[in-house]
Amino acid sequence: MENFKLTRGKYFYVIGLSYQKADAQIRGKFSLTEDARIALYNQALAEGTDCLLTISTCNRTEIYGFAEHPFKLIKLLCDHTNGDVEDFQKVGFVYKNHEAISHFFNVATGLESQILGDFEIIGQIKNSFLEARLHGLTDAYLERMVNAAIQASKKIKSETGLSSGATSVAFAAVKYILHNIPDQDNKIVLYGTGKIGRNTCENLVKHTAGNAITLINRTKEKAEKLAGKFNLIVKDVSDLRQETANANVLIVATGANQPTINPDDINPNRPILILDLSIPRNVNPVVGDMQNVTLIHMDALSKMTDETLEMRKSFLPDARAIIADIQGDFEEWVEARKFAPTIKALKSKLEEIKNGELDYQSKKTEQFNQDQAEAIAGRLVQKITTLFANHLKTHPQEFDDHVSFIQSIFALENEVKKHEKNY
């Protein structure tokens, strides 16, 4: 599968970068905001791209799509983020065809997550696909690949222990608090109530009973909605400095493009643990140099291994076997798609020849049995078409030559182009 082009004349690529080679600062440069994604989609459409999927999380930014050369996708990413080609060349990756598909399945099933078995990514992929479809950038190939990955994710979650145990960035943050600030009368301020903030809040309530938790968000209504579920305190952003002055712990999950916590927001005379769960970093690094401040970023939290993660690793063979099975079915379907336009065009041509011959014989032959002749000729058309299809499927190395030969003999070039629009 590595050496072929799909019928649209382009290869399937994924380009991107992740926590494995890019630190939080670089990942922040390549992070795609909602407005940036929309602008990227519009540019892709204007440039003739008809199939594209973006994934942008705190751990990775990736673009999947069809292109003659991966630089087209790299340029799209750089045009709509603060990253540049030079940075991408240092830490980015490019996978093509089979490798791109394998990477997607590993990402979607949590095998590439910073915390092994974190299944939040599959929900993000679903949302990304729906967003791409809304902008007219999905097709049967992308839809089938995403659905297959969802199937694999569900099966791994239900049939293996890869997701067993409570572990995520949010849980890792709470666990760090429990291990390092065991006092049950702590005052905790959670700044930011987006997805990571909500997950962190739920873990805080579940595992830190007895602590006072205050929620702060730029849009106060969002914080109030979350606080209502757990009967928590909500404060205005204008109260941030006052609240942190009396806090033991500050958790920052704001997800802004610039630091939301600076030295002026922190009381240097009181010990405080600050956990920055944002990408890019939302706590000014200078804060970490302040007296009485312990600053931990999510990258450090994610690297903290425990028994749960070690246990999850034992289920990797089972998970990979499930992926291989479902991915294999998908790639068989992809292989069939390669020659589908040619086979459909061939069948149309044979039907045309058949109809012409039947019309000729009906006029020439007395007592011509139209129904019987139609049945016999129809079976012949189907058998011949099947023979050609099986030959193409079982001779992948000579695929291009054989397809060209069939198209030339039957003069199918124009007819194939019509069918390619559906693939």
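The values are calculated or read from the model by the stated rules, or taken from the named source; none is laboratory data. Everything quoted here is computed from the prediction, not taken from an experiment. Neighbour counts are summed over all protein chains in view; Cβ atoms, including those assigned to glycine, are modelled from backbone coordinates with ideal geometry.
List of remarks:
- For the range 309-411, no helices (runs of 4 or more DSSP H) sit wholly inside it while including 2 or more residues that are assigned by TED's automatic domain parsing to the domain that holds Phe104 and modelled with pLDDT of 85 or more.
- Gln151 vs. criteria polar (S, T, N, Q) and at pLDDT 95 or above: yes
- In the range 73-95, the residues that are within 20 Å of Leu137 (Cβ to Cβ) reach residues that are in a helix (DSSP H, G or I) and not hydrophobic (A, V, I, L, M, F, W, C) with C-beta atoms within less than 7 angstrom, at least six apart or across chains, in these pairs: Leu76/Gln43; Asp79/Gln43; Thr81/Lys29; Tyr95/His103.
- Among the residues of the range 262-281, those that are within 21 Å of Leu204 (Cα to Cα) and either touching a residue at least 40 places away in the same chain (Cβ under 8 Å) or outside the structural domain of Lys195 (by TED's automatic domain parsing) (or both) comprise Leu273, Leu275, Leu277, Ser278, Ile279.
- Within the set Phe368, Phe405, Phe339, the sole residue that is touching a helix residue (DSSP H, G or I) at 6+ places or on another chain (Cβ under 8 Å), among the aromatic types (Phe, Trp, Tyr) and either farther than 28 Å from Tyr141 by Cα or loosely packed, with under 15 Cβ neighbours inside 10 Å (or both) turns out to be Phe368.
- When the range 95-143 is filtered for residues that are part of a helix (DSSP H, G or I), in contact with an Asp or Glu (Cβ under 6 Å, 6 or more places away or on another chain) and over 14 Å from Arg320 (Cα atoms), only His98 remains.
- The residues of the range 269-308 that are among the small types (Gly, Ala, Ser) and modelled with pLDDT under 90, listed by number, are Ser278, Ala300, Ser302.
- Under the condition of being touching a Phe, Trp or Tyr at 6+ places or on another chain (Cβ under 9 Å) and assigned to a helix (DSSP H, G or I), the residues counted in the range 62-85 number 6.
- Given (1) more than 25 Å from Ser113 (Cα to Cα); (2) surrounded by 15 or more Cβ atoms within 10 Å (Cβ to Cβ); (3) more than 19 Å from the chain's Cα centre (by Cα), number of the condition His69 does not satisfy: (2)
- When each of Gly48, Gly136 is tested for being surrounded by fewer than 20 Cβ atoms within 10 Å (Cβ to Cβ), out of contact with any helix residue (DSSP H, G or I) (no Cβ under 8 Å at 6 or more places or on another chain) and outside the structural domain of Pro280 (by TED's automatic domain parsing), the lone residue that passes is Gly48.
Conditions tested, residue by residue: (1) of a type outside the set (Ser, Thr, Tyr); (2) over 27 Å from the mean Cα position of the chain (by Cα); (3) at pLDDT 95 or above; (4) closer than 23 Å to Tyr19 by Cβ.
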position	(1), (2), (3), (4)
Lys175	yes, yes, no, yes
Ile181	yes, yes, no, no
Asp185	yes, yes, no, no
Gly192	yes, no, no, yes
Asn231	yes, yes, no, no
Ser238	no, yes, no, no
Ala247	yes, yes, no, no
Asn267	yes, yes, no, no
